[in-house]
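Everything on this sheet refers to the single structure shown next.
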Ligand code: IVH
């Protein structure tokens, strides 16, 4: 056993290494180790900290992800208020703004900095003695939500600033969801049948408002900083120097900035930014023009809402006109019919757009969209292009009104419209398009991961009539596959092997692969770990389903209904016969309800890592929180319990040791 000093030294060393890799990865975009190697360092650090909780500090990289749901968001009053900016869409107004400043400064040399207007969620982080103390949203400008736990999950936000730093500083910036992460998130939400986020900003805002920091960690938020509010003893007197300073502390700053000393220069920078901004990892919706010199800023002053030394120029969402050639109706996995416009290809925001969603029949009626119309389409950033309106002035009379079909375009059966809903659905479970979408999802990398079973192969299998239900892939023969296009012996045996291997995939992948409405990958993991077996999940009532971590009522009802559908029940039995992994009883984590409704806090050194005890408490229905309050029922206290012990006694919270805890749960201490 290494002695405590050695352990502490290793912990420090690991933290330095991890912070170094974070910097390389996030600030310099030049990682030098693989994700796996990084994970190994993190795992080792976690292990050591679990065995030696006395060495855990709030700024350790392990503290970025916390499993503790916040009860609600505490309000934090900003040390200096967070103002907004004067906005404009007009170049003339930008010119006027700059001339007004020049007039006010009476002929002094005036440098303006032009930088991207990041389309995220405004954030203020307070660092004291270099340590991250709290992070808050803008709120009403005076006070905002305490989102510290969530912001700690952002790997590019340092928990400690690099030396030298001021004693106190509120850094100001924007939390965003990288465009690529946004696209992937929406794709997986679409597959899970969950509502899509309209744009990266909504996704970032929605993520930041999550009460469970583990979900936030999965959302891979990032942040960029462009200034500060309150600061103690800074000798920085220009915006450019401030940005350099912020970068030196280890925070990310805007990808590019420009300077200009004339109106023409400012407008040219705004134009240039409009071109390069499409390559940034974050969404931008404009340019911010700021006076560089802080003494000039002071003289220019503020209105009640915004500084007089800055202005935001917003770019128009990009639009294009093109002809709508035809409308296809697609049948989704759940049978939903979606009309999609085929367009004469047109250039928009740097990509060629040839299709745009029309959402549903109601939308087509409301906008009076006809086949042959010239339409205006819009795409701001990463949003799926949409038809905004018809250019009615260009109608010739040859346009045709479109009516949604009353029969499924794939299988020909009548479609149904549930009362009060706009969506039309095909309810034939063997509808070929539905089967294709379902099988694509089932075999997808994020679900059962069957290599070789992509869109083209799925289409062939369904069109040949070999697969009418998911489990039919497990009956496929080499002879059948040999009859398909471009299938040699090698590809046949590869595919059959991949299909066979999918039977052993972990339970959560199967749960996800079933494609139950609202059940995404994260929920599938949680359901699998809570219930342990598919049979336990299947027999759970709505009530019990909502008790499983993070399962909302809508999802619980959807799961409940899915298993009660006789077609799905038949599918489950067929999959069981084929020997898919339905989980094992012992894996069930919902061991009992003994601790249901109780709230726990853990403190001190226990015989095993704290995680193990947290897990046990959750498995028996209890909840864990980090600090003691009147709502806490039990404090599980190990050796050398600190301040939590007297606090618990003072509040009358019951204190239990490891032995009593074991007795409560009916197991022998030491075998948890
Ligand atoms: S400066 C007192 N710079 O835009 C000056 N704001 O519409 C405060 N924003 O509330 C802001 N990018 O949340 C500044 N480069 C940038 C920005 C930026 C995005 C946001 C910020 C502000 C809002 C105003």
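Residues 435, 422: which one is in contact (Cβ under 8 Å) with a residue 24 or more places away in the chain, surrounded by fewer than 14 Cβ atoms within 10 Å (Cβ to Cβ) and either within 17 Å of residue 334 (Cβ to Cβ) or in contact with a strand residue (DSSP E or B) (Cβ under 7 Å, 6 or more places away or on another chain) (or both)?
Sole residue among the options that is in contact (Cβ under 8 Å) with a residue 24 or more places away in the chain, surrounded by fewer than 14 Cβ atoms within 10 Å (Cβ to Cβ) and either within 17 Å of residue 334 (Cβ to Cβ) or in contact with a strand residue (DSSP E or B) (Cβ under 7 Å, 6 or more places away or on another chain) (or both): 422.
Residue by residue through the stretch 292-307, note down the ones that are assigned to a strand (DSSP E or B) and within 11 Å of the ligand (Cβ to nearest atom).
302, 307
Output yes when any residue across the stretch 284-296 is at pLDDT 95 or above, over 27 Å from the mean Cα position of the chain (by Cα) and surrounded by fewer than 18 Cβ atoms within 10 Å (Cβ to Cβ), and no when none is.
Yes, the stretch 284-296 has at least one match.
What's the number of the only condition in (1) in a helix (DSSP H, G or I); (2) more than 31 Å from the chain's Cα centre (by Cα); (3) surrounded by 15 or more Cβ atoms within 10 Å (Cβ to Cβ) that residue 527 fails to meet?
Unmet condition: (2).
Taking the stretch 371-383 as the search range and keeping residues that are buried (at least 18 other Cβ atoms within 10 Å of the Cβ) and closer than 15 Å to residue 324 by Cβ, which one is modelled with the lowest pLDDT?
It comes out as 378.
Just the residues that are closer than 30 Å to residue 394 by Cα and in contact with a helix residue (DSSP H, G or I) (Cβ under 8 Å, 6 or more places away or on another chain), please, taken from the stretch 303-322.
Of everything in the stretch 303-322, just one residue is closer than 30 Å to residue 394 by Cα and in contact with a helix residue (DSSP H, G or I) (Cβ under 8 Å, 6 or more places away or on another chain), namely 315.
Specify which of the listed residues (548, 521, 556, 596) is within 22 Å of residue 212 (Cα to Cα) and either touching a residue at least 60 places away in the same chain (Cβ under 8 Å) or in contact with a strand residue (DSSP E or B) (Cβ under 9 Å, 6 or more places away or on another chain) (or both).
Exactly one of 548, 521, 556, 596 is within 22 Å of residue 212 (Cα to Cα) and either touching a residue at least 60 places away in the same chain (Cβ under 8 Å) or in contact with a strand residue (DSSP E or B) (Cβ under 9 Å, 6 or more places away or on another chain) (or both), namely 521.
Return the residues of the stretch 138-152 that are within 16 Å of the ligand (Cβ to nearest atom) and in contact with a helix residue (DSSP H, G or I) (Cβ under 7 Å, 6 or more places away or on another chain); say none if nothing qualifies.
147
Would a scan of the stretch 477-495 turn up a residue that is within 20 Å of residue 534 (Cα to Cα) and over 31 Å from the mean Cα position of the chain (by Cα)?
No: zero hits.
From the residues in the stretch 200-213 that are surrounded by fewer than 20 Cβ atoms within 10 Å (Cβ to Cβ) and at pLDDT below 85, which one is farthest from the ligand (Cβ to nearest atom)?
Among them, the one singled out is 212.
List the number of the failed condition for residue 100; all other conditions in (1) in a helix (DSSP H, G or I); (2) crowded, with 16+ Cβ neighbours inside 10 Å hold.
That leaves (2) as the condition not met.
Could you list all residues from the stretch 334-354 that are at pLDDT 90 or above and either loosely packed, with under 14 Cβ neighbours inside 10 Å or not in a strand (DSSP E or B) (or both)?
335, 344, 345
What number of residues in the stretch 657-672 are at pLDDT 85 or above and within 38 Å of the chain's Cα centre (by Cα)?
Count: 2.
Which residues, taken from the stretch 250-263, are more than 14 Å from the ligand (Cβ to nearest atom), surrounded by fewer than 20 Cβ atoms within 10 Å (Cβ to Cβ) and either in a loop (DSSP other than H, G, I, E, B) or within 32 Å of the chain's Cα centre (by Cα) (or both)?
Within the stretch 250-263, 261, 262 qualify.
Being assigned to a loop (DSSP other than H, G, I, E, B) and touching a helix residue (DSSP H, G or I) at 6+ places or on another chain (Cβ under 6 Å), is that true of even one residue in the stretch 489-496?
No: zero hits.
If you check residue 352 against the conditions, is it free of Cβ contacts under 8 Å to residues at least 12 places away in the same chain, under 30 Å from residue 399 (Cβ atoms), within 32 Å of the chain's Cα centre (by Cα) and more than 13 Å from the ligand (Cβ to nearest atom)?
Yes: the conditions hold for residue 352.
Considering only the stretch 308-322, I want to know if a residue exists there that is over 27 Å from the mean Cα position of the chain (by Cα), more than 12 Å from the ligand (Cβ to nearest atom), surrounded by 16 or more Cβ atoms within 10 Å (Cβ to Cβ) and within 26 Å of residue 388 (Cα to Cα).
Yes, because at least one residue in the stretch 308-322 is over 27 Å from the mean Cα position of the chain (by Cα), more than 12 Å from the ligand (Cβ to nearest atom), surrounded by 16 or more Cβ atoms within 10 Å (Cβ to Cβ) and within 26 Å of residue 388 (Cα to Cα).
Identify, by number, the condition in (1) touching a strand residue (DSSP E or B) at 6+ places or on another chain (Cβ under 9 Å); (2) surrounded by fewer than 17 Cβ atoms within 10 Å (Cβ to Cβ); (3) within 26 Å of residue 343 (Cα to Cα); (4) modelled with pLDDT of 95 or more that residue 413 doesn't meet.
Residue 413 satisfies all of (1) touching a strand residue (DSSP E or B) at 6+ places or on another chain (Cβ under 9 Å); (2) surrounded by fewer than 17 Cβ atoms within 10 Å (Cβ to Cβ); (3) within 26 Å of residue 343 (Cα to Cα); (4) modelled with pLDDT of 95 or more except (3).
If you check residue 451 against the conditions, is it more than 13 Å from residue 332 (Cβ to Cβ), modelled with pLDDT of 90 or more and exposed (fewer than 14 other Cβ atoms within 10 Å of the Cβ)?
When the stated conditions are applied, residue 451 does not pass them.
Does residue 229 satisfy the criteria of being surrounded by 15 or more Cβ atoms within 10 Å (Cβ to Cβ) and within 13 Å of the ligand (Cβ to nearest atom)?
Spelling it out, residue 229 is indeed surrounded by 15 or more Cβ atoms within 10 Å (Cβ to Cβ) and within 13 Å of the ligand (Cβ to nearest atom).
With under 28 Å from residue 253 (Cα atoms), buried (at least 17 other Cβ atoms within 10 Å of the Cβ) and at pLDDT 90 or above as the only criterion, which of 147, 133 stands out?
Answer to the selection: 147.
Please go through the stretch 23-53 and pick out each residue that is modelled with pLDDT of 75 or more, in contact with a helix residue (DSSP H, G or I) (Cβ under 8 Å, 6 or more places away or on another chain) and assigned to a helix (DSSP H, G or I).
38, 41, 42, 44, 45, 46, 48, 49, 50, 51, 53 - these are the residues of the stretch 23-53 that are modelled with pLDDT of 75 or more, in contact with a helix residue (DSSP H, G or I) (Cβ under 8 Å, 6 or more places away or on another chain) and assigned to a helix (DSSP H, G or I).
Residue 119 passes all but one of (1) modelled with pLDDT of 95 or more; (2) within 16 Å of the ligand (Cβ to nearest atom); which number fails?
(1)
Would you say residue 106 is within 16 Å of the ligand (Cβ to nearest atom), free of Cβ contacts under 8 Å to residues at least 60 places away in the same chain and surrounded by fewer than 21 Cβ atoms within 10 Å (Cβ to Cβ)?
no
The values are calculated or read from the model by the stated rules, or taken from the named source; none is laboratory data. All figures in this text were calculated on a predicted structure; none of them were measured in a lab. A quick note on method: Cβ atoms are made from the backbone with ideal geometry, for glycine too, and the neighbour counts reach across all protein chains shown.
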